[in-house]
Each structure stands twice: as structure tokens, then as C-alpha cells.
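Take a look at the structure set out below.
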Amino acid sequence: MFRSPEVTDDGYDLLSKTGLDKKIQENWEKISSSIPHKHRAEDYEIEDILNNTNLPSPRRENIQNWLNGRSEFDRTADGLFTVSGVVTDEILSKEEMLNVEKLGVRNLGELDTLLAAYVLTKYWDNPLLRKYYVWRSPGIKTRIHGDSNGDLDVHQIDTKTRAFGLFGNLPEGGIKTSYGYWPTLVAIALKYADTVGVEIPEVKNWQEFMKQYGWDGKIIDPGLNGVGYQDFAYNYSEEIIAQLPDKIDNKAIKKRFFGMMRPHASQDITYLPIITAEQQLMICTNYKSAKSEKANIKIRVYSEELLFTESVIIPKEDAHHLFKGAVHGIMTNQSRTSPCYLAYMMWEYDQLKAGRPADEIRTEGHEKFRGW
């Protein structure tokens, strides 16, 4: 099955340096209208392109390389789009296409795929289209979104790898947790930021931030039936995020670890946030860790020692993106958590920051925001 290539950091740098990204933006309406909205490329579409006697030889070779060894069922419309040169033809003249090496690419075929990969990514990552929350950091591209069941998906792509040049099917990873962990991800962002001492501007004005998504101002305690964070105030007060190198044994530090998550209907797989020695947030998993060469993080969880593998990395300066992405998913109905339950957790957080004890907060919250 064809998978649309992703643009690397080097690819983005080239697009910016040459101004090709601006040319795409200037012609975005026409370019985006040419993006296919079907799965399979039709035979006649491929033949029409190859029968063009004026088709540049580097482009013809690129298309033939795409076709070779690919069954008719793997000839996707997006795949044809990446090699057809549709985007290149829109923003460059014929004279410019004769000298594409001056732009920093090897040939026209490479440029065709780079531009198409950039356009497809720009189009499909549009939050108005798919509701994804997407951001790029040096070497990393992260998406946060919900699936059809409301489960949480944090997906990352390695965009720094030199082996892929300007684009490619880049290494990826991520976590997939049950729908109940959306507010937990918000809480992890809060706890992480407080632990490493970074500010999330949206937290200071969380009510205004939520109102931008249409929140009506209601705050309701999720109680025993709502999909919220039932014990947030207590857990936030009594637990810590595991930290490398010396706070990864809960028996030794006599603390429970904050922010543990699991996939839907699985008690064997654990996701655990860890703060690295460089103060990055690393979300690790013990999934298949016994067979993985990368499972090199040994952590004692409860009384059991487990091997963990890195799944997601959040740079310190991106704590606000983690918070905003988790809130975005809740506020755009990608989860099963009601905004009023998220607001309750944020109210609890305000009370904690004011120095109030968790038991006192819980008692007042149950009475003040009773909604069951």
C-alpha cells in the first residue's frame, strides 16, 4: 500500500530558502483543488500522463519507478499525485523546470515528489479538515487526535533523519490509549510544566482558552459516571512524574508515578511519562519490550521492574503544545470527555495552585459542581 512521503527538516529548509513554499501558498486554491479525493488511480489517468510526448524524461522515469513492482490495487490516487508533477507545473515555468538543480534538487522527479509531499501534508494536516492538532519541532512532527471510538492517538514522525534526504516514508512512533485518558494527557502537561518550571500561557487563562472553542462556562464534577479525571487533585498532590536518572524506582522514592495510561481493554501494556535528564518529557511503553533492542529503560512500577521503550518525546519548550493538543481534542469532540468535566479538572488545578489540600478541594467540588 502506498504511503504518502513526509517532508524532512532539510526539505522544509529547501522550500523556505528557495521561496517555493510561498509560491505554493500564492497558488493554494488551485493546487489544493487538484488533490485527489479517491483511493485508486485509474489506468486511463496514468496512460494520459505517459502518452504526453512532451513529458520530461526525469518525470517519466519517476512515474515508471513508482509503477514498477506495484499492483493495480496499490496505485493510489495520492501516489500518482506525488509523481505526476501537478504542483510543479503550477508554480514553475518550463524554463525554470529545465534548471531545477539550481534549487538544490537532483532532478525534476525529486522536485515533483517533494512539492507534492509538502502539499499533501499541508492539506491533510489542516485542523479544519481532520481536527488534528499538529506541530513541528526540530527533528519531530507531532499529531494529536482521536479515532472513531474517541481513543487518544499521539503520533510522531522523525523528520531529522539524514538518510531520507528531502522526503520519504520517515520513521514514526506514538501511543494509542483508551478514550478515558484524554484528561490524563492534559494533566500530564500540567504536571510536567510545573515540575520542570516552564509556563503554559493558555493555563493562566484556561477559561478564555476554552471559550474560544465554544465552551458555555459550565463546570461539572464527573463523579463516578463521567469520562473525566476522577482523582486528579489527589494524584497531582501525592504522585510524581518519573525522572531519569534517579527517580524511576517507586519503591525507593516511596511515591506513585503520575500519568500512567493504557490502551483500550489492555492491562498488560503501560504508557508511562518520564522526565529525561535533559528535562524533556518522554512517554514510554513496555509493549513488546522484552523483544525490543530499544527497551533499555528499567523502571520499577509498584513492586514490579519493567523494561520500557521510548514512544513519544516532547521537548521542554513544547509543553504548551502538549496541553493545547489534548484540550483541542476534547473541545472538538474527538474524545468522550465533556468540556464541563475538563473545566472541573482545571478548577481543581487552580485550587491546588492556591495551596489548598486535595481533600478539601474534593469535598467542595463534589458539593459545588454536583452534576449527577
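A short reminder: the numbers here are calculations on the coordinates, not readings from a lab. Note that the structure is predicted; figures quoted are calculated from it, not measured. A quick note on method: Cβ atoms are made from the backbone with ideal geometry, for glycine too, and the neighbour counts reach across all protein chains shown.
Laid out as a table, the results:
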quantity: Neighbour cut-off at most 14 other Cβ (10 Å), DSSP loop, trypsin sites (Lys or Arg not before Pro), the stretch 2-76; calculated: ARG3, LYS38, ARG70
quantity: Per-residue ³J(HN,Hα) for the stretch 192-200, Karplus 6.51 cos²θ - 1.76 cosθ + 1.60, θ = phi - 60°, Hz, x for Gly and Pro; calculated: 5, 4, 5, 5, 9, x, 10, 9, 9
quantity: In the stretch 6-124, lysine pairs with alpha-carbon atoms under 22 angstrom apart (chain gap of 8 or more, or interchain); calculated: 15
quantity: Proportion of all alpha-carbon pairs of the stretch 172-220 beyond 16 Å (%); calculated: 58
quantity: Most mobile of LYS324, LYS191, LYS255 in a GNM of the chain (Cα contacts under 10 Å); calculated: LYS255
quantity: Kirkwood Rh in Å, taken over the stretch 146-196 so that all alpha-carbon pairs contribute; calculated: 13.2
quantity: Diffusion coefficient, µm² s⁻¹, Stokes-Einstein with Kirkwood Rh over alpha-carbon pairs of the stretch 115-159 at 25 °C and 0.890 mPa s; calculated: 217
quantity: Evaluated at q = 0.23, 0.24 Å⁻¹: base-10 log I(q)/I(0), Debye formula over Cα of the stretch 174-275; calculated: -1.42, -1.45
quantity: Fluctuation leader among TRP28, TRP182, TRP135 - the chain, Gaussian network, Cα springs under 10 angstrom; calculated: TRP28
quantity: Degrees between helix 57-67 axis and first principal axis of the chain (Cα, 0 to 90, nearest 10); calculated: 50
quantity: Net +/- balance of residues flanking LEU306 in space, Cβ distance below 9 Å, scoring K and R +1, D and E -1; calculated: 0
quantity: Residue with peak Gaussian network fluctuation, the chain [Cα springs, cutoff 10 Å], from VAL134, VAL186, VAL196; calculated: VAL196
quantity: Between helix 319-331 and the chain: long-axis angle, C-alpha atoms, 0 to 90°, nearest 10; calculated: 90
quantity: Expected-Rg normalisation [2.2 N^0.38 Å, Cα atoms] applied to the stretch 27-161; calculated: 1.18
quantity: The chain - percent relative contact order, Cα under 8 Å, separation 6 or more; calculated: 17
quantity: For the stretch 296-350, the fraction of alpha-carbon pairs in successive 10 Å shells from zero, as %; calculated: 19, 30, 30, 21, 0
quantity: Compactness of the stretch 179-368 as Cα Rg over 2.2 N^0.38 Å, two decimals; calculated: 1.03
quantity: Rg/Rg_globular for the stretch 100-234, with Rg_globular taken as 2.2 N^0.38 Å and Rg from C-alpha atoms; calculated: 1.38
quantity: Local electrostatic count, ALA343, Cβ distance below 11 Å [Lys/Arg +1, Asp/Glu -1]; calculated: -2
quantity: Geometric extent, Cα atoms of the chain - Rg, Dmax (angstrom); calculated: 24.1, 79
quantity: Between helix 108-124 and the chain: long-axis angle, C-alpha atoms, 0 to 90°, nearest 10; calculated: 40
quantity: Orientation-averaged projected area, Cα convex hull of the stretch 1-98 (nm²); calculated: 6.9
quantity: Contact order relative to length of the stretch 6-124, as percent, for alpha carbon pairs under 8 angstrom and 6 or more apart; calculated: 35
quantity: Net charge of neighbours whose Cβ lies under 12 Å from the Cβ of GLY365, counting Lys and Arg as +1 and Asp and Glu as -1; calculated: -4
